Amino acid sequence: MKTSNKTNPPSAARLIDSLRHLDYTNEGAIYDIVDNSIDAGASQIWVEVLATTGKEPGEIRVVDNGCGMDEETLDEALRLGSNVEKNPECDLGLYGMGLVTASISIGKRLEVVTRNGEGKILQSIQDVEEIKQKDEFVKFLNVADDEAKKVFNDLVIELQKKHPLHGHSGKKMNLRETGTVVSITNLDNCKYHKVNGFAGNLRLGIGQTFRKFIKAEKNTIYVNGEKVKPVDPIDDFEPDIMHEGEVVIDEGPIYLRIAELTDYGSTINRQKGINPKNQGFYVIRNNREIIPGETLGLFTRHPSLNCLRIEFRYSGALDKVLGSNFSKSKIVLPQSISDKVGRFCNPFIKRATQNAKKRAKIRKETKEDFSEIEKYITRKSHLLTTPKAKVEERAKRQPRGGKAEVPDTEHEPRLNIRKRKRISLDAVKVKFQERSIGERGPLYEADQERDVVIIRWNMEHPFYTDVVAASSEEKNVFNPLVFLIYSFACAELRSQMDTDSQEIIENIRYEVGRNLAVLMH
């Protein structure tokens with residue numbers, strides 16, 4: 001049989017469907033499109049999430065005043081695996097698939113309107129449904145019609161007028177006549193149901209992802225008209241820079257900056273996101289963050305490392321050796337590089353663990369003091385409705401001679417009332433303890449030993465850490481809170497005589513604790 005080389009094109013319909021379900025998040029897809037704007041030299045970038053009906057997102061636009069594209073570049077930009085030349089040392093794009101794969105991960109229709117220095121406005125449209133119907137990678141590309149020209153002028157030109165830039169001297173900078181508008185519609189893969197939620201998360205995410213560009217004033221980025229502020233997961237938390245330097249490999253250096261954030265205490269730490277999820281390596285490629293809070297297989301997440309954050313920065317020239325994936329959301333360290341990075345970081349990871357243990361020890365030694373409030377409640381105990389003392393049951397004594405036991409008669413009123421004995425504060429009637437029951441567990445547990453009520457606070461519950469413990473120095477707040485929980489505990493213990501009531505109250509305590517935790521988060 002005669003053999004010959006034949007073209008072997010894939011099924012466009014099946015391939016386009018599979019490419020829509022890669023590892024992009026909605027936010028990550030937008031970051032990839034913003035990458036293109038930065039690579040195009042844009043000084044201003046506008047991200048807009050628009051609702052077509054109701055509050056749900058119906059269109060996403062990324063507008064920039066970059067260099068724009070000529071016909072050949074636009075043709076390549078809407079091609080899978082485009083042949084646009086990239087500089088790995090500085091460009092944010094990686095495999096030439098970002099614009100297409102990022103856009104189709106959210107919606108079915110992509111439209112690009114652009115103008116470069118030649119002054120001609122171009123328009124290109126790619127529609128997933130059309131590709132599937134024709135089973136062929138097709139797109140529209142032509143000189144923009146009047147409607148598309150109006151879109152370009154209304155966005156690229158008018159947005160610059162609305163948000164003018166000023167130089168260091170304070171003088172208003174000239175408008176740029178070039179730029180690009182990327183519009184994604186038919187958003188069938190958008191995970192958000194409200195515009196404001198999506199826009200809010202994009203504003204924070206863009207602020208962190210592109211913080212180095214924003215801080216250097218290379219780019220000004222807006223989300224739904226609001227200027228994005230830089231979000232720095234290290235420098236925003238008054239860090240102690242433990243060590244910084246570089247690990248050198250054949251392909252180039254990896255810059256490492258190891259920091260220990262200020263420990264603000266459990267309450268503020270939780271509010272600021274200083275937690276196990278956010279600890280670890282922040283991977284930055286060409287000054288753009290691609291991975292936040294990753295272990296890179298070099299340590300195990302643990303609360304003692306909550307304040308540890310390490311900047312891992314490298315050039316795109318290392319993409320191949322570090323296994324950067326096309327969505328720029330993952331790297332894989334070869335064993336030799338992992339060993340080098342581990343030797344560099346491990347001493348400081350250990351030191352961060354030791355520092356956390358020291359701080360925990362100090363906190364334990366200076367934890368909330370309930371001794372005075374225990375004595376106060378004991379002094380008032382004769383006025384309170386408290387649970388009956390638990391008495392150990394003993395076998396009844398049999399009467400001698402087999403006589404029947406004479407039942408107790410009703411007591412006559414006491415006439416010989418004596419003065420109440422003074423209560424010994426050494427034998428307190430209540431004890432407060434702490435234990436861990438989980439953030440969404442009950443706020444407390446109640447128990448009893450003889451006539452002593454024992455209340456065990458759930459030291460992980462946000463109401464305890466954020467309200468009770470946080471107000472321990474303000475007795476006018478702290479004491480009433482403790483009295484309230486003591487009163488609930490006494491009522492619960494008294495109800496234990498009735499099995500049905502006990503179960504109901506326990507369920508209420510658990511549900512109240514859970515709802516409190518959810519609301520406080």
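Just to be sure, is D64 closer than 30 Å to E158 by Cα, surrounded by fewer than 19 Cβ atoms within 10 Å (Cβ to Cβ) and modelled with pLDDT of 60 or more?
Taking the combined requirement at face value, the residue does not satisfy it.
Step by step: first the residues of segment 236-250, then only those that are of a type outside the set (V, I, T) and surrounded by 17 or more Cβ atoms within 10 Å (Cβ to Cβ), then the one that is farthest from C345 (Cα to Cα). Which residue is that?
F237
When you go through V138, V143, V156, V181 one by one, which is the residue that is loosely packed, with under 12 Cβ neighbours inside 10 Å and of a type in the set (A, V, I, L, M, F, W, C)?
Answer to the selection: V143.
So, in segment 450-495, of the ones that are hydroxyl-bearing (S, T, Y) and closer than 17 Å to K429 by Cα, which residue ends up nearest to the chain's Cα centre (by Cα)?
In this case the residue turns out to be Y486.
Return a yes/no flag: does segment 12-29 have any residue that is crowded, with 16+ Cβ neighbours inside 10 Å, modelled with pLDDT under 90 and basic (K, R).
yes
For segment 434-480, name all the residues that are surrounded by fewer than 17 Cβ atoms within 10 Å (Cβ to Cβ) and either under 23 Å from N507 (Cβ atoms) or not assigned by TED's automatic domain parsing to the domain that holds Y510 (or both).
R435, S436, G438, D447, I454
Here are some residues: Q279, Q271. Which one is buried (at least 18 other Cβ atoms within 10 Å of the Cβ) and without any contact (Cβ under 8 Å) to a residue 40 or more places away in the chain?
Q279
Report whether or not L155 is more than 15 Å from M69 (Cβ to Cβ), in contact with a Phe, Trp or Tyr (Cβ under 7 Å, 6 or more places away or on another chain), part of a helix (DSSP H, G or I) and in the same structural domain as M173 (by TED's automatic domain parsing).
no
Name the pairs whose Cβ atoms lie under 7 Å apart, with the first residue in segment 171-185 and modelled with pLDDT under 95, the second surrounded by fewer than 18 Cβ atoms within 10 Å (Cβ to Cβ) and part of a strand (DSSP E or B), and 6 or more positions between them or separate chains?
Every condition considered, the pairs that remain are K172/H166; M173/H166.
Of all residues in segment 186-208, which are assigned to a helix (DSSP H, G or I) and under 21 Å from I291 (Cα atoms)?
Within segment 186-208, F198, A199, G200, N201, L202, R203, L204, G205, I206, G207, Q208 qualify.
Looking only at segment 185-200, decide whether some residue is exposed (fewer than 14 other Cβ atoms within 10 Å of the Cβ), more than 25 Å from the chain's Cα centre (by Cα) and of a type in the set (V, I, T).
Taking every residue of segment 185-200 in turn, none turns out to be exposed (fewer than 14 other Cβ atoms within 10 Å of the Cβ), more than 25 Å from the chain's Cα centre (by Cα) and of a type in the set (V, I, T).
One line per residue, one yes/no per condition, for (1) in contact with a helix residue (DSSP H, G or I) (Cβ under 8 Å, 6 or more places away or on another chain); (2) modelled with pLDDT of 80 or more; (3) in a helix (DSSP H, G or I):
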position	(1), (2), (3)
R351	no, yes, yes
Q354	no, yes, yes
R363	no, no, yes
E368	yes, no, no
I377	yes, yes, yes
V391	no, no, no
P407	no, no, no
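The values are calculated or read from the model by the stated rules, or taken from the named source; none is laboratory data. Not measured: the values here are computed from a predicted model. Positions of Cβ are generated from backbone atoms using ideal geometry, with glycine treated the same way; all protein chains shown enter the neighbour counts.
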